[in-house]
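Working notes, structure below.
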Amino acid sequence: METYLLDTNVISDVSAARGKDDSPCVARLKSAAEKGARILLPVVSIAEIEFGLQLGGKPDSEQAQAIRCFFKEYIHIPFGDDTVEPYALIRARLFQNHGTPKGTRKSRREKRPEELKDRVSGRELGIDERDLLIASAAVQFNCVLVTDDTNEGMRHIREAADTLLAEGKPTRLRVENWRQTPDGA
């Protein structure tokens, strides 16, 4: 039985498209549930969505109530003690690969993943701390992370996890995009 951890963008898609048959995310969620898969929601994603509702000034709207009903249907996964190891390993690798050395060999000029830049082009990598937290929870619980996040930052998180896994570290990060059809179309 597979276990899936839904990223913020997928939760938003599924909760907004409930009852609609034309949503690829809803179809994939329904298929997974029919096969007995476990569906989990990261608390970080729930917090992001709640923030959006508060910021948009619609915390009591029908949409907000529908999203909260969706939240109640699934188990919530916190960032806990066992998430620390994969998080620390992946974040350290990102800083080793992309941080600017400062003084000592271990110190880096950047303090947050959002500050990391490509050493050649100087472009920001687009690594979001919340994405790193969610990916770390997926590693901890051996879930497939379901996301449509195809930005540069997520690619770097995946590369760091894959490199560490090849070195024997516990950082197996599996990812699926349910906005796409299973054949990639």
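Within the stretch 138-165, residues that are closer than 18 Å to VAL10 by Cα reach partners that are assigned to a strand (DSSP E or B) and among the charged types (D, E, K, R) with beta carbons closer than 7 Å, at six or more positions or on different chains, in the pairs VAL144/ARG174; VAL144/GLU176; LEU145/ARG174; VAL146/GLU176.
Name the residues in the stretch 136-170 that are β-branched (Val, Ile, Thr) and surrounded by 23 or more Cβ atoms within 10 Å (Cβ to Cβ), would you?
Hits for the stretch 136-170 are VAL139, VAL146, THR147, ILE157.
Out of GLY36, GLY56, one residue alone is farther than 30 Å from GLU115 by Cβ and not assigned by TED's automatic domain parsing to the domain that holds GLU124. It is GLY36.
Taking the conditions (1) modelled with pLDDT of 85 or more; (2) surrounded by fewer than 19 Cβ atoms within 10 Å (Cβ to Cβ); (3) of a type in the set (Gly, Ala, Ser) in turn, ALA32 satisfies each one other than (2). For the stretch 122-165, residues that are part of a helix (DSSP H, G or I), out of contact with any Phe, Trp or Tyr (no Cβ under 7 Å at 6 or more places or on another chain) and under 24 Å from ARG28 (Cβ atoms) total 14.
The values are calculated or read from the model by the stated rules, or taken from the named source; none is laboratory data. Quantities reported herein were computed from a predicted structural model and do not represent experimental measurements. Heads up, the Cβs are rebuilt from the backbone with ideal geometry, glycines too, and the neighbour counts pull from every protein chain shown.
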